[in-house]
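The values are calculated or read from the model by the stated rules, or taken from the named source; none is laboratory data. No experiment lies behind these values; they were computed from the predicted model shown. Glycine gets a Cβ as well: all are built from the backbone with ideal geometry, and neighbour counts include every protein chain shown.
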């Protein structure tokens, strides 16, 4: 049986080039109870004989894998996303966390007691994730490795992370249906009783949310970021040559806030009103 906390998590591979890696990843996913595999613009055939050779008894995971064109498409509907990177933290303006500190957050319940739709993102075998792709995630994992040989094989990195996602969970969530029914009408405080000690520490890092307000999905936030950038360029707060770096900081701010769907709708309403007011002022000036 698949544990319901893991059932919600997508393993996302960006432009995987090695069919052996993809097959090995399918196998390790099935080892630890994960079934959602998403391939972003794969550079190999994930159903090839090589992939199936390494997948062994996880051919069903390969066959069910979703193929999409972009990382944004892979994250559609997700409320949480963690990106992995092997790059030196001194070259990135983000906080890098070890797997055991960060990954339980992907499976821990939201403030209303429901389980989030979440994604764990892995980059290309040779180049990892671009800065633009990293910007789509909320938190960032780096697996501690020896300085003597820091680079890990993609399938090995996925194995380490899958282990951490499954750590401390029963192999079969026999009480999942009962838990789902019970959490449908309980308060966030009561729901937190189901969270492990390590998960509880991670949940404390987030601001409280209204128990009735769903957390905004990442694609909802991406639409807001695009609208925000357009308005800030229009009013002169952003300049085209510095917009990317400024927007990166604003993204981090709003992603940390874990905005709800109604909150994002309110912010977008403000931006729409600003756009209308600017248009009215320009029309008056031209008369």
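What residue, among those in the range 248-271 that are touching a helix residue (DSSP H, G or I) at 6+ places or on another chain (Cβ under 8 Å) and touching a residue at least 60 places away in the same chain (Cβ under 8 Å), is nearest to residue 76 (Cα to Cα)? Per the stated criteria, the residue is 255.
Residues to consider are 11, 25; find the one that is in a helix (DSSP H, G or I), within 20 Å of residue 153 (Cβ to Cβ) and touching a residue at least 40 places away in the same chain (Cβ under 8 Å). None of the others qualify; the one that does is 25. Taking each residue of the range 33-52 that is on the phi > 0 side of the Ramachandran plot and looking for partners that are part of a strand (DSSP E or B) with beta-carbon atoms closer than 9 Å, six or more apart or interchain, yields 41/14; 41/67; 41/68.
The set of residues from the range 256-268 being more than 15 Å from residue 230 (Cβ to Cβ) and either at pLDDT 85 or above or out of contact with any strand residue (DSSP E or B) (no Cβ under 9 Å at 6 or more places or on another chain) (or both) comprises 256, 257, 259, 260, 261, 262, 263, 264, 265, 266.
A quick yes/no check of all residues on (1) surrounded by 21 or more Cβ atoms within 10 Å (Cβ to Cβ); (2) at pLDDT 95 or above:
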{"site": "11", "(1), (2)": "yes, yes"}
{"site": "16", "(1), (2)": "yes, yes"}
{"site": "21", "(1), (2)": "yes, yes"}
{"site": "24", "(1), (2)": "yes, yes"}
{"site": "33", "(1), (2)": "yes, no"}
{"site": "44", "(1), (2)": "no, yes"}
{"site": "52", "(1), (2)": "no, yes"}
{"site": "66", "(1), (2)": "no, yes"}
